1. Of (1) part of a loop (DSSP other than H, G, I, E, B); (2) at pLDDT below 90, A:Leu488 satisfies all except one. Which?
2. For the stretch A:154-164, state whether one or more residues are open to solvent by 40 Å² or more (accessible area, probe 1.4 Å) and touching a Pro at 6+ places or on another chain (Cβ under 8 Å).
3. Just checking: which of the helices (runs of 4 or more DSSP H) contained wholly in the stretch B:38-133 hold 3 or more residues that are more than 8 Å from chain A (Cβ to nearest Cβ) and open to solvent by less than 30 Å² (accessible area, probe 1.4 Å)?
4. If you check B:Met85, B:Met54, which single one turns out to be touching a residue at least 40 places away in the same chain (Cβ under 8 Å) and of a type in the set (A, V, I, L, M, F, W, C)?
5. Take the conditions more than 24 Å from B:Glu162 (Cα to Cα) and either in contact with a His (Cβ under 8 Å, 6 or more places away or on another chain) or not aliphatic (A, V, I, L, M) (or both) and apply them to B:Asp174. Does it pass?
6. Is there a residue in the stretch A:463-471 that is open to solvent by 30 Å² or more (accessible area, probe 1.4 Å), out of contact with any Lys or Arg (no Cβ under 6 Å at 6 or more places or on another chain) and not in a helix (DSSP H, G or I)?
7. Of (1) buried (at least 19 other Cβ atoms within 10 Å of the Cβ); (2) among the β-branched types (Val, Ile, Thr); (3) within 26 Å of A:Ser326 (Cβ to Cβ), A:Ile421 satisfies all except one. Which?
8. Any idea which of A:Ile441, A:Ile482, A:Ile451, A:Ile456 is at pLDDT below 90 and open to solvent by less than 20 Å² (accessible area, probe 1.4 Å)?
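The values are calculated or read from the model by the stated rules, or taken from the named source; none is laboratory data. All values reported here derive from a predicted model rather than from experimental measurement. Positions of Cβ are backbone-derived with ideal geometry, glycine not excepted, and every protein chain shown enters the neighbour counts. Side chains included, ligands, DNA and RNA excluded: accessible areas come from the protein's heavy atoms. Shrake-Rupley method; radii C 1.70, N 1.55, O 1.52, S 1.80 Å.
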Amino acid sequence: MKGKVVKLLMVFIMTFSIFTGFMNKNTYTQVNASASDSYLSNIKKKGTIVMGTAPDYPPYEFTKNEGGQAKILGADIELAKQIAKNMGVKLKIKSMSFDSLLVALQTGKVDMVIAGLTKTPERAKSVDFTIPYYNGGQSLLVNSNDNSIKSYKDLNNQSVGVQTGSTQYNLVKQQVKNASLKGMESVNDLVLALKTNKVKAVAVESATGEAYASNTPGIKAIDAKFNTAKAQNVVAFHKGATSLVNAANKTIKAANASQEFEKKFIPEASKQMGTSAKKQKISVWQQMYNYKDYFIKGTEYTILISIIGTILGLLLGILLALMRLSKNKLFHAIAVAYIEFIRGTPLMVQIMFVYFGLGTIVNVPALTSGIIAVFINSGAYVAEIIRSGIESIDDGQSEAARSLGFSSHQTMQIVVLPQAIKNILPALGNEFVSLIKESSIVSIIGVTDLIYQLRIVQADTYQGVVPIFIVMVIYFILTFGISRLLGLLEGRLKHEE
Amino acid sequence: MKNSDILKVENVKKEFKNNLVLKGIDAEVKPGQVIALIGPSGAGKSTFLRCLNMLGKPTSGAVYFDGQDLMKLKDKQLDSLRTKMGMVFQSFNLFNNMTVLDNVKVAPIKVKKMADAKATEIAHQLLKQVGLDNKATVYPSSLSGGQAQRVAIARALAMHPEVMLFDEPTSALDPEKVGEVLSVMQDLAQQGMTMLVVTHEMDFAKNVANQIWFMDDGQIVEKNEPEAFFNHPKTDRAKDFLSKVI
């Protein structure tokens, strides 16, 4: 489902890009071609290269709690550091969901993508690749006691878990007969699905498979034996960024010559990887407590987004409601169109549109994009709440006010609005509560809210369920607490009558 | 327009969605007159009353008040003219978000920019006049219908209007509460207030009004003194109506 939305969005952005002349028409760029583009010089001017990655893919990239700070580590990060160093610039890492990475690259949100990404002809149409820096194999994760599966051939007619948009997705689709594919965004969720027997096996890249197998009790990794050349992990750059591809290739060639990735980066990353509670010999709850800062930070962001979203949404909603109730036909039409359009499209698409779509024109950071999307969405709903609140007040009230000589403005301000507020407030409270829940969707563009932190803790601790439970409880405390607070406020208003 | 007329309407018509509700009304009101508008339901009595203060704008015609044609005034000028015409509604329409006292004093303060202390004093005085000063601090939801309507009358009087328009002021009341409202209105009439009252209370029309306007089918069919109207109606339609209600 998410994958489809992303594809739709990519189609949209590509169309958009053509209009803005963003796309380079060269479909293939020779590795050794002399670079005449300005991508490299721009990066050097900036002094930083921004790398996009999805840090739930150990040992390539993962996060680790170091001194209270969530740090992104992994073999890919080591490679990125070298590439940046050889270009003479600093490395900045932006994390987001795997599905969003190539879109982010195309829209200039990041300068390069290193994310255990393998080269495929489809991907090569939209971005440029370096030479491979690692040839990984393909593994299947299966339950330890399951000896029925020896290779991909034993998966016919079975359900198989794969990461959406991944190479393994296509391999299983093409080579396993009648497999029912269960696509999910994160490997954690897939492993959880495996352990709860929702899927028979999970197809992953072998280094990742090993990492999960050694840290998750009850599962093992076996060679998938897919009928394919070894997957080639590559670095992706914006289409036409030949100067960057060439520069990165130099670094990769040198690393390949000494097998640095296999012999140094992966083993080092494996050592840094988080380990399961069982291996650390501590209880799961103790382990979760060690990650409390993640949950706290996530809660802060969720609250921040919801509060700013609600306040701005309220202001926008009041404006839209007044426009909709206005006698001016143009204002009315604009408000109606806006409200209908926003209410008729999913928040998720709006968030991606703000981040990626507007991103082609102005550079809006993820958090700001998230807040903007949340408030333009909320504004439409708030407008309808306010309108129906105002319309629920009996016409007799404003007639009486007008008969006393009140202007229409005074009538609204002194008589109608104070009464409408009592109907509006409870509905606004509900809107705020649902905003807290709906804001969880901003994690897809890498805003570090509760859901995002949940992903990190899952990836870090190899605990699938417990972090979900904790986040669920946090959400409930937030929404329940706010409902009760608003209930008290309502009670006081009623008391006044 | 004679100088002595406080209110005069000329050929007023009102159309709702191709339905002609008022079919051309001419009438004038002199200061101190108490006019009872009676007639069968659907005759256009309330619609006519609402045309007088432009709460419902006539489709055509002229309404003169204080020498100005209200049809030609801008919204702002209308707002200030309405302060001179008090209106009392069938369903009271007290402001639910304010206490009884605030209901009465809010318009003088907000519209006439009167000082709070002065407005409060006038409000208490008027509430005493309608016998409800002891309810000054309560909200309208705790009043009976009769009490609410008396407060509504006090609220309208607080603006010192030249004319009072009553739109079926007792129709929504329990029978035993009708008397208290009518007696307030009677007092008002005796003080010389110019009043137009849409009513089904024939006793009130007979005993308090000094002019009856009988309306039927969007027109004023008969204008007469109460005595003459009730004893010797001139028109068949009035006779027919009276035979049904009395």
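1. Result: A:Leu488 passes all but (1).
2. No - not one qualifying residue is present in the stretch A:154-164.
3. B:45-52, B:100-110, B:116-129
4. Every option except B:Met85 fails the conditions.
5. yes
6. Yes, that holds for at least one residue.
7. Result: A:Ile421 passes all but (1).
8. A:Ile456
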